[in-house]
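Worksheet: one structure, shown below.
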Amino acid sequence: MRTPERTQGATLIVSLLFVMLILAVIMSVTAQVTLSARRSSVDQDAILRAQFAAESGAARVQARLRVMGGLLGSASLPPDGAQVMSDLAALCGLGSLPTVADGATVCTLNPTTGLNSAGSGVNPRVALLVNAVKQQAFEDAGISGATPEVRSRFWSDLFSGTQGVPLDGAQDASGYAVRYGLKPLAVIRDSATQYRVTFEVPDVTVTGSAGTATRTVAVRSNLPTLSLLIAQPSLAQFALLTNHHFNSAASEGSGNRITFTSRTLFSGPVHTNQQFMFQGRPWFGGAVTSAGCPANTLGPDCNATGKAAAQPGAFFAGTYRSVADMTPSPDAPTECAPGNAACAANPSVQPAFPQGVNWDSPVLPLPVNSNNQQAAAQAGGIAVAGNVSSLSLFRDTVGGQDVQRVTFTTDAGGAPVTTQLAFGADRLLRILAPDGSWQPATRNPDGTFAPGSPAAPFNGVLHVAGNVASLNAGPNAAAGAAVAPFAGLTLAATGDIDITSDLRYADPPCSGAHTRNPDGTVTPAPCTNLNAQNILGIYASEGNVNLIRPGGSKPTQLGNDPAIHAVLMAGQGAVQVEGYNTGSALGSVNLIGGVIENYYGAFGTTSGDVQQTGYSRNFVFDPRTLAGLRPPYFPTAETWTVALYDGATPLTDPRLRGDTISTAGTP
């Protein structure tokens, strides 16, 4: 009977041992799985940290490009052409700038080493950029202690070619490694007042690491060849530019400011060397800039080389606000006091700056003479000594050919003398001879013209050493074109230029008017004919450009709602309506072009939003002037600017636009 009991005990022991063995196996497997999971988690964490590090390196390169865009937004050079030419030569690695034709390459640059220099001090290859972007701009960008040497190092590293410079970084046991530099290509001369430094933006490859794990991130730039444009910019590229933002010296002395209201609609760039005043909801479809010079400070204390008196800011409904006091921000200011969020939410008290605003822009001094235009007219244009009683520009047909007519009457010798010239698309002058026939015109040594061969070429510039008492469209004053489809013209005079009729393009680039919509937004006038080539510039260097309204003391064909297609400029005076504050309301001046003036000339008077006398303004900016089409020999700014361009388009915020590709590294 005891034998079975022994067998049962042995079986129990064996069972227990088997269970213990199974438990041991399970515990061993569980431990291995847990250990493997922990190891995998650690590896995954390292890979993620390496990935984040690589992406941080790519972001650093992007941030560097954005800083470049911001710095170049404030770039300007003193009105010292000789120094600019010297700095351009140094950028090329030359002692002096070679003479080349317009459109030719001045020098090619080393794409591998770029403009980098291992030396200390200021690198002469980037001296132009060091001089153009001042210390304060670097401080504003968060780069402190920006001495000339520090600025030189920044630009040298930035344009260091394909070999680049290391932009490595590390944090929290992870890091990234990247070498990067922009690839300079060439310096090209566009004209005597414009040069381009072309460069490429290379792709970015960054390696991130964390422990033994690595990840690589590549970002394609997907950017075309960009340009640094070094130029004395044509003043034709402004919808409005004022030196003094007052009607007159008397208004400036009394503080009677010009106010931009909800009726103000400008579609192109607007600049003043002083300070703006806004009320309501004015709209600006182009970039807005002001130098911030207070009233009565332009000159020794606020100029192109120094702005000691400048106060960046603007007036809102009569109250001055500095940049720091603008609510809710300097980029989207309102009439509201600082901290008044409820007021700031009201769109009816906020100017619209869809293309941005800069309250501390460089001063752009206006030229005070027409010497360059006179020299161009004497060399290959039409130069008139003395006053002109009538100057007619109009499209016509001569001998079956489409021509631009230029007819002017002078009385320098006491008796009126009328000269009738014409030119076609070939730009060769013809003259109406005494027998009534059209013959080739030769240019005499005294600047007059006579029938003869060969026909004199015409560069598009007319200069009058005196006043133009009546600028008109001749037989096309009531209808028809003043400027033929192929014609580019600049009229410059030392005295006043009185406009006494409509002046229309045969092929206008824009039409209609800007429209304020019921919701407060603005629909700009359509500008769809941007391949049009006819353009007119009118420049009074020492006088005014006067629109002669009907009912005044001077004879005029200008009536209600006149059309003026031109860029108008008064270097020391104003573009204005003569007798603007008398008579009745005459509708709007429908301008396609721009206005550049020393003082903001008056066009009419209003009571509230109702026109009382003179004209209101329907100014449509001619966008072709930003794409390079300008009236021939139209005045340029005295200062030189340095700006970033993508083709013909200004580029303020360069970005890497391509795909981001992440490739595996070691785990």
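The values are calculated or read from the model by the stated rules, or taken from the named source; none is laboratory data. Computed from a prediction, not measured in an experiment: that's the story for all the values here. Note that we place each Cβ from the backbone using ideal geometry, even for glycine, and neighbour counts take in every protein chain shown.
Odds and ends about this structure:
- Here segment 603-631 is the region considered, the condition is being in a loop (DSSP other than H, G, I, E, B) and either among the basic types (Lys, Arg) or buried (at least 18 other Cβ atoms within 10 Å of the Cβ) (or both), and the residue that is farthest from the chain's Cα centre (by Cα) is Phe603.
- Unmet requirement for Arg179, which otherwise passes all of (1) surrounded by fewer than 22 Cβ atoms within 10 Å (Cβ to Cβ); (2) within 20 Å of Leu77 (Cα to Cα): (2)
- Among residues of segment 379-394 that are in the same structural domain as Thr556 (by TED's automatic domain parsing), those with a beta-carbon under 7 Å from a residue that is part of a helix (DSSP H, G or I) and among the aliphatic types (A, V, I, L, M) at least six positions away or on a different chain give the pairs Ala383/Ala377.
- Residue list for segment 468-482, filter: crowded, with 18+ Cβ neighbours inside 10 Å and either assigned to a loop (DSSP other than H, G, I, E, B) or in contact with an Asp or Glu (Cβ under 8 Å, 6 or more places away or on another chain) (or both): Val468, Ala469, Ser470, Leu471, Ala473, Ala477, Ala481, Ala482
- Residues of segment 172-187 that are at pLDDT 90 or above and part of a loop (DSSP other than H, G, I, E, B): Val178, Gly181, Leu182.
- Top-ranked residue in segment 446-466 [being of a type in the set (A, V, I, L, M, F, W, C) and within 39 Å of the chain's Cα centre (by Cα); ranked as surrounded by the fewest Cβ atoms within 10 Å (Cβ to Cβ)]: Ala465
- Only a single item in (1) farther than 30 Å from Pro485 by Cβ; (2) touching a Leu at 6+ places or on another chain (Cβ under 8 Å) is not met by Asp561, and it is number (1).
- Among (1) in contact with a Gly (Cβ under 7 Å, 6 or more places away or on another chain); (2) under 30 Å from Gln311 (Cβ atoms); (3) without any contact (Cβ under 8 Å) to a residue 40 or more places away in the chain - the single one Ala295 does not satisfy: (3)
- Strands (runs of 3 or more DSSP E) fully within segment 188-260 counting 2 or more residues that are among the small types (Gly, Ala, Ser) and either in the same structural domain as Asn590 (by TED's automatic domain parsing) or touching a helix residue (DSSP H, G or I) at 6+ places or on another chain (Cβ under 7 Å) (or both): 204-210
- Any helices (runs of 4 or more DSSP H) falling wholly within segment 94-171 and containing at least 3 residues that are touching a Phe, Trp or Tyr at 6+ places or on another chain (Cβ under 9 Å) and in the same structural domain as Thr193 (by TED's automatic domain parsing): 127-132, 148-158
- Matching entry among Pro485, Pro518 (being part of a loop (DSSP other than H, G, I, E, B), within 25 Å of Leu428 (Cβ to Cβ), in the same structural domain as Thr613 (by TED's automatic domain parsing) and over 25 Å from the mean Cα position of the chain (by Cα)): Pro485
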